[in-house]
Every structure is written in structure tokens, then in C-alpha cells.
1. To the nearest 0.05, what FRET efficiency results for Met1 and Ile165 with a Förster distance of 45 Å applied to their C-beta separation?
2. Taking the 0 to 90 degree range and rounding to the nearest ten, how far is the long axis of helix 134-165 tilted relative to the main principal axis of the chain, both from C-alpha atoms?
3. Which links in Lys23/Lys94; Lys8/Lys87; Lys8/Lys94; Lys44/Lys87; Lys23/Lys56 stretch past 23 Å when you go from one Cα to the other?
4. According to the Cα gyration tensor, what semi-axes, each the square root of 5 times an eigenvalue, does the equivalent ellipsoid of the chain have, listed from largest to smallest in whole Å?
5. Please compute the contact order of the chain in relative form: average sequence separation of alpha-carbon pairs under 8 Å and at least six residues apart, divided by the residue count, as a percent.
6. Measuring with a 1.4 Å probe in the full set of protein chains, what accessible area per residue, in whole Å², belongs to the chain?
7. Under the rule of -39500 (n - 2.57) per DSSP H run of 4 or more residues, summed and divided by the residues of the chain, what mean residue ellipticity at 222 nm is obtained, to the nearest 500 deg cm²/dmol?
8. DSSP loop chymotrypsin sites (Phe, Trp or Tyr not before Pro) in the stretch 10-86 with at most 16 other Cβ atoms within 10 Å of their Cβ, which ones?
Amino acid sequence: MEKLSWTKDIFGSKLEIRQGASKIGSINWDNMLSSQAQAMINGKLFTLNREFFLSKLEIYDSNSQSLLGTIMINFLNTRSDVLINGKRFELEIKNFWQSRWSWKFNGNDIVSYTSHEFITKDKGTIDLATPINDEVEILILLGLFVRNQFILFMLLILLIAVLVIV
């Protein structure tokens, strides 16, 4: 099983993906609340886009501008799916705090994420139970983009709770 790591400053706009000491990818937002990001993994460029209210996420090939996958996120449902190259992959959020989540194919975890810290940095690991290919690269980026949207949603809920209490 191959292991990658990822880091992002909690209020930052850049996420890095590493394999050992080598940087193999990144996701860059214009700002923390941006609905669009540019991503790179293993030299390939992608565009990630989020529609209003965080529910629809898309990933495009930056060179051809072709849509590679769309996932609809429902914050009340722990499962969502995406179709890539005719294959259905299922995203499963494994706990309430969204510190563990994975992509499944045919019921088996193929890409599993774990978040290790949430105070000053959002960081964690990615365990790959399958070799890296085009589909897995897309899933890696989408999984991290989804994570960022959940964090924004949790911060919004926290802000609303604070405003209601005050």
C-alpha cells in the first residue's frame, strides 16, 4: 500500500500533496473562500469548481477543458458518488468530524484519507490500495477538494452558532 501526505494552512489557500519528501501535487485556490481552484498532480493540470452552496463539485482537465467528473455533496448523507471513465466510485465520510473518508470501488476502499490536525494546519495522509493511474489521480484531488468544502461548511456553521449565542 502506497502512502501520500497532504498539508494545508487552516486559513490558507494552498494544499500540497507529497510522496515521501517529494511534492507530487497541489491545489491552489484564489483565496480561502474561492469556489474555483487550480490543481496539479504528477505534472497534469486540473481545474476544480464548486457551485453555489457547496453541493456540486466538478473537475476538469485544464488543457482540454473537458469535464472529468462531477460529485454532488449532501452534508446530511455520508455517501456520494462520481462517475469517471464509465466507472462509479463512492465517497464515504467515515465519521462526524470528517477526519476519515475514502473512495470505494466495488465496495472496497481504494483511496483512504485521514486528517491528523486541525488547529493551525489541516494535514493528513492518503493510503492508496491501488496503483496510481489517471482515475486515482482525479479521486485524490476530488477527495481533498471535498474535504476543503466540508471544512468551509463546518466553519460557517461555527460562525452561525457564535452569532446566535452572542
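1. Details: r = 44 Å, r/R0 = 0.98.
Once the sixth-power term is evaluated, E becomes 0.55.
2. Helix 134-165 and the main axis of the chain meet at about 0 degrees.
3. Values: Lys23/Lys94 27 Å; Lys8/Lys87 30 Å; Lys8/Lys94 21 Å; Lys44/Lys87 21 Å; Lys23/Lys56 28 Å.
From Lys23/Lys94; Lys8/Lys87; Lys8/Lys94; Lys44/Lys87; Lys23/Lys56, over 23 Å: Lys23/Lys94; Lys8/Lys87; Lys23/Lys56.
4. Semi-axes, largest first: 24, 17, 17 Å.
5. Dividing the mean separation by the residue count of the chain yields 18 percent.
6. 53
7. Mean residue ellipticity, 222 nm, calculated: -7000 deg cm²/dmol.
8. For chymotrypsin sites (Phe, Trp or Tyr not before Pro) across the stretch 10-86 that sit outside H, G, I, E and B with at most 16 neighbouring Cβ atoms in 10 Å, the list reads Phe11, Phe75.
The values are calculated or read from the model by the stated rules, or taken from the named source; none is laboratory data. Everything numeric in this text was worked out from a predicted model, so none of it was measured. Virtual Cβ from ideal backbone geometry, glycine too; neighbours counted across all protein chains shown. To get the accessible areas, we keep the full protein, side chains included, count just its heavy atoms, and leave off ligands, DNA and RNA. Shrake-Rupley method; radii C 1.70, N 1.55, O 1.52, S 1.80 Å.
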